[in-house]
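Reviewing the structure listed below.
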Amino acid sequence: MDTIAAISTPMGEGAIAIIRLSGPDAVQIADRMYKGPKEKKLVSVDSHTIHYGHIVDSSTEQVIEEVMVSVLRAPKTFTREDVIEINCHGGIVTVNKVLQLALKEGARLAEPGEFTKRAFLNGRIDLSQAEAVMDLIRAKTDRAMNVAITQMEGRLSGLIKRLRGEILETLAHVEVNIDYPEYDDVEEMTHRVLVEKATSVKKEIESLLTTSQQGKILREGLSTVIIGRPNVGKSSLLNSLVQETKAIVTDIPGTTRDVIEEYVNVRGVPLRLVDTAGIRETEDIVERIGVERSRQVLKEADLILLVLNYSEELSEEDIKLFEAVSGMDIIVIVNKTDLEPKLDVEKVKELAKDRPVVTTSLLQEKGIDELEMAIQSLFFTGSIESGDLTYVSNTRHIALLQEAKQSIEDALEGIEMDVPIDIVQIDLTRCWEQLGEIIGDAVHESLIDQLFSQFCLGK
């Protein structure tokens, strides 16, 4: 294994920037750059200690940076290799100089995610824990962070390992019964054990999949689209939720001509908010493109905020919007309640059916709290707070769990139809392999490379 190096903190100005080295020669490479007080050498210091000194280019004797160097020896490190962390002042030039010097002294620039990849390859973490590192970095709310942390701690891994153990036990039981068929009731017994175990594993996979919807929301944000006729207050709503002026607001219909996207945290629900161009028939070519984009975005949304104008009568276009979003999760917002009422609210409630209707006056900042509560109660029914639940948030994990569920259903179906046991075994083995792919026990090298390439360099 060679020694890798990378900058592990975001680029730009800051108080501290960290360059990380990992590999068998990490300490020796750092020693060639480091000049400590009283000619101190890093090879002679204790593990998990930090040392003051300077980084010096030995070829020119030029002092590059004043630093603190952490020495962390294998195996008690993130990668289970010798790790050096050089704490510099956070500026673009000096940090790059220190990294360049480390590369000159024999290190190799790390690939994206290579530190975490080494932690995985060296057996410190499994694949689902490695992916959780990235989720933690990208977490946009406290809840999303908590989900990532429990996954990093290995709660999902533990559950998957237990399920795989149960399947393996069942397969072994079947094998024994096939090899020693001298018992009279062997067939019946095997079937009973198989049905019992397979049903229990299927239930556990299903309960994991029920959390996946909420988990995915926490991880990726809820794709939320604000729609309505021009000038009903869509951009004002976006600005109110984001709490800053992101979208231009005027009295002229057709101001928003493109799709504006923003992240916002509404009571623990991360929303990927999209403000769209008002949907109407228009001759303006630019606005027309905006309207088409709005219709496209609508198809991909998890939640729709349909805005109506309280001071205008319900138009044909409004009714068409209700038809366009039928069968979707929508919250109807009746805006501009500070103006003279002309809207038939009863008719709106009838069109909305049993979906929430919230009244707001965005100009006077009224009704925003009610809207936030409606969003929260729509997606989190209280169970999300439960600390003992294992949330599945990763799209790859969800897909594998669905495949594993299908395999186990095929096995159960086979048992019912009196299919030979060795055929049923194939389905069970497939389920065992699919679950193994979640934690990286049965995973192809190309997938590993693809996963870790999504990380930043210093991770």
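Numerical summary
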{"item": "Counted residues, region 77-108 - those being small (Gly, Ala, Ser), farther than 15 Å from residue 10 by Cα and surrounded by fewer than 19 Cβ atoms within 10 Å (Cβ to Cβ)", "result": "1"}
{"item": "Tabulated pairs, region 433-458, first in a helix (DSSP H, G or I), second at pLDDT below 85 and of a type outside the set (Gly, Ala, Ser), C-beta under 6 angstrom, 6+ apart or interchain", "result": "437/443"}
{"item": "From the options 111, 66, 85, residue that is part of a strand (DSSP E or B) and within 24 Å of residue 454 (Cα to Cα)", "result": "85"}
{"item": "In region 33-54, the residues that are among the aliphatic types (A, V, I, L, M) and not in a strand (DSSP E or B)", "result": "33, 42, 43, 45"}
{"item": "Matching option when the condition is modelled with pLDDT under 70, buried (at least 22 other Cβ atoms within 10 Å of the Cβ) and of a type in the set (A, V, I, L, M), among 227, 217", "result": "217"}
{"item": "Any hit, region 341-352, residues being closer than 25 Å to residue 300 by Cβ and either part of a helix (DSSP H, G or I) or modelled with pLDDT of 85 or more (or both)", "result": "yes"}
{"item": "In region 406-426, the residues that are in contact (Cβ under 8 Å) with a residue 24 or more places away in the chain and surrounded by 15 or more Cβ atoms within 10 Å (Cβ to Cβ)", "result": "407, 408, 409, 411, 412, 415, 421, 424, 425"}
{"item": "Inter-residue pairs, beta-carbon under 7 Å, first among the aromatic types (Phe, Trp, Tyr) and in region 24-49, second in a strand (DSSP E or B) and surrounded by 15 or more Cβ atoms within 10 Å (Cβ to Cβ), 6+ apart", "result": "34/53; 34/55; 34/69"}
{"item": "Flag if residue 42 is farther than 30 Å from residue 445 by Cβ and surrounded by 17 or more Cβ atoms within 10 Å (Cβ to Cβ)", "result": "yes"}
{"item": "Residue 240 in a helix (DSSP H, G or I), of a type in the set (Ser, Thr, Tyr), over 30 Å from residue 431 (Cβ atoms) and modelled with pLDDT of 65 or more", "result": "yes"}
{"item": "Selected residue [β-branched (Val, Ile, Thr) and either in a loop (DSSP other than H, G, I, E, B) or touching a Pro at 6+ places or on another chain (Cβ under 7 Å) (or both)] from 170, 94, 79, 150", "result": "79"}
{"item": "Inter-residue pairs, beta-carbon under 8 Å, first farther than 17 Å from residue 211 by Cα and among the β-branched types (Val, Ile, Thr) and in region 134-158, second at pLDDT below 75 and surrounded by fewer than 19 Cβ atoms within 10 Å (Cβ to Cβ), 6+ apart", "result": "137/456; 141/268"}
{"item": "Breaking point among (1) assigned to a helix (DSSP H, G or I); (2) free of Cβ contacts under 8 Å to residues at least 12 places away in the same chain; (3) under 19 Å from residue 459 (Cα atoms), for residue 74", "result": "(1)"}
{"item": "Odd one out for residue 131 among (1) of a type in the set (Asp, Glu); (2) assigned to a loop (DSSP other than H, G, I, E, B); (3) buried (at least 21 other Cβ atoms within 10 Å of the Cβ)", "result": "(2)"}
{"item": "Selected residue (only one of 249, 274, 264 is out of contact with any Leu (no Cβ under 6 Å at 6 or more places or on another chain), modelled with pLDDT under 80, β-branched (Val, Ile, Thr) and assigned to a strand (DSSP E or B))", "result": "274"}
{"item": "Residue satisfying condition, being in contact with a Ser or Thr (Cβ under 6 Å, 6 or more places away or on another chain) and charged (D, E, K, R), within set 61, 65", "result": "65"}
{"item": "Criterion violated by residue 30 - all others in (1) assigned to a loop (DSSP other than H, G, I, E, B); (2) surrounded by 15 or more Cβ atoms within 10 Å (Cβ to Cβ); (3) among the small types (Gly, Ala, Ser) satisfied", "result": "(1)"}
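The values are calculated or read from the model by the stated rules, or taken from the named source; none is laboratory data. Every value quoted in this text rests on a predicted model; they were computed, and no experiment measured them. Ideal geometry is used to build each Cβ from the backbone, glycine not excepted, and the neighbour counts take in all protein chains shown.
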